[in-house]
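No value in this document is a laboratory result; all are computed from the given coordinates. This is a predicted model, so every value here is computed, not measured. Heads up, the Cβs are rebuilt from the backbone with ideal geometry, glycines too, and the neighbour counts pull from every protein chain shown.
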Amino acid sequence: MDVLRRLEGLELIVVTGKGGVGKSVVTASLGRLLAARGRKVLLFEVDPRENLHQLLDTQPSGGEIINASPRLYLQHIEPRELIDDLVREKLKVNLLVNRVLASPVHRHFTEGAPGLKESAVFGRALRMVEGHGPSILRRPDVVILDAPATGHGVSWLAAPQLVADVVRSGPIGHMAEVISAFLGDRSRFGVVVVTTAEEMPVEESLELIAALDGRFGREPEAVIANALYPAIDAAEAEDDPATALWRDRRAINVTQLERLATAWTGPLAEVPLMAIDPGPALVGAIARRIEAQLRSS
Ligand SMILES: Nc1ncnc2c1ncn2[C@@H]1O[C@H](COP(=O)(O)OP(=O)(O)OP(=O)(O)O)[C@@H](O)[C@H]1O
Ligand SMILES: [Mg+2]
């Protein structure tokens, strides 16, 4: 099936990849693209260095849902607060809630428990697409998660199962089971891998693709090869150090794209490095490029 159609039909998309490759800008661009195609989109940002609002030129979220443009919303998520919300929701008795939230054991457990924060973020995304959002956005069609670069991308996806394996019963265990099943459903959940065409990011992307296959028996929906140096027209090229550097970078890009192609033959969008400052103009240009590339891939 056409990959754009596939992306359009999903309820949750995780954008992942090595640090600094352009995950945030691709998240914003994918959001713009799907919103332009009629989907109501909510972008989740977990990184404490909020920057999606700059890319979309809105005020910072400060934890609230912000409407950036027609059908496009963003929210900064603090996993710790989601976990506290979960306790509130599941325990319901106020006195008990306050005691649990204030207790050092709770802090200690939730800080250290592997997979809990990630599961809480997925849990919130699931609640949103199932129609339990606040009045500003009751029900987005799709949530796009700008996954933090900490750890390996796959550890995010493995988190709910990890929690489900450890906490077998009770509301948290149940939640983790539900999320795990959601992440296993390819008609609802997708992964977009962002990489630059350089050795280490490609290495990590290949590992990620292999891990997705090995652990989840699935592929990403698309790979975005970002910030590529465009080819230089040999006839016009100056013979100066800047041009030489450019040519070197371009040569690395070509080699690494070939390496990527040996392991990934699925949908690929090549996005050039653009001489545009981070902001809506860059996001719009990248969105158009991704759309054109995925349409023909
Ligand atoms: N194709 C591109 N053309 C021009 N600038 C780009 C492009 N892709 C990314 N950038 C710029 O490169 C920088 C890094 O991109 P971005 O913040 O999206 O990466 P990231 O993967 O989210 O990083 P981190 O892992 O630190 O969160 C930003 O300033 C962004 O605007
Ligand atoms: Mg980022």
Table column - 3J(HN,Hα) (Hz), segment 120-125, Karplus curve with 6.51, -1.76, 1.60, x for Gly and Pro: 5, 5, 5, x, 5, 4
Qualifying GluC sites (Glu not before Pro) for segment 163-254 [loop in DSSP, other Cβ within 10 Å: at most 10]: Glu236, Glu238
Alpha-carbon Debye profile of segment 3-295, log10 I(q)/I(0) at 0.08, 0.11, 0.12, 0.14 Å⁻¹: -0.37, -0.67, -0.78, -1.03
Lys pairs under 24 Å by Cα in the chain, provided they are eight or more residues apart or on distinct chains: 5
Residues of segment 59-74 with amide N under 14 Å of a point placed 7 Å along Cα→Cβ from Glu50: 59-68, 74
Over the chain, relative contact order from alpha-carbon pairs under 8 Å, at least 6 apart, %: 26 percent
Distance between modelled label sites at Ser155 and Lys90, nm, 7 Å Cα→Cβ extension: 2.2 nm
Considering only the chain, percent of DSSP beta bridges that pair antiparallel, nearest 5: 10 percent
Cβ crowding within 10 Å averaged over residues, with 161-173, 26-38 ranked highest first: 26-38, 161-173
Estimated FRET transfer efficiency (Asn67, Asp239; beta-carbon r; R0 45 Å; 0.05): 0.30
Using alpha-carbon coordinates, inclination of helix 170-183 to the longest axis of the chain, degrees: 30 degrees
Per-residue HN-Hα couplings for segment 249-262 [Karplus 6.51, -1.76, 1.60; θ = phi - 60°; Hz; x = Gly/Pro]: 4, 4, 5, 4, 4, 4, 4, 6, 5, 5, 5, 4, 5, 6
Calculated FRET value between His132 and Ala263, using beta carbons and R₀ = 51 Å, to 0.05: 0.85
Size of charge dipole - the chain - debye, nearest 20, with Cβ of Lys, Arg +1 and Asp, Glu -1, no other charges: 1360 debye
Label point distance in nm, His106-Glu81, each placed 7 Å from Cα along Cα→Cβ: 1.7 nm
Sites Asp165 and Arg288, calculated FRET efficiency, Cβ-Cβ separation with R0 41 Å, nearest 0.05: 0.45
Taking His132, His53, His174 and counting other C-beta atoms within 10 Å, the order from fewest to most: His132, His174, His53
Residue-count net charge about Glu291 - beta-carbon cut-off 15 Å; Lys, Arg +1, Asp, Glu -1: +4
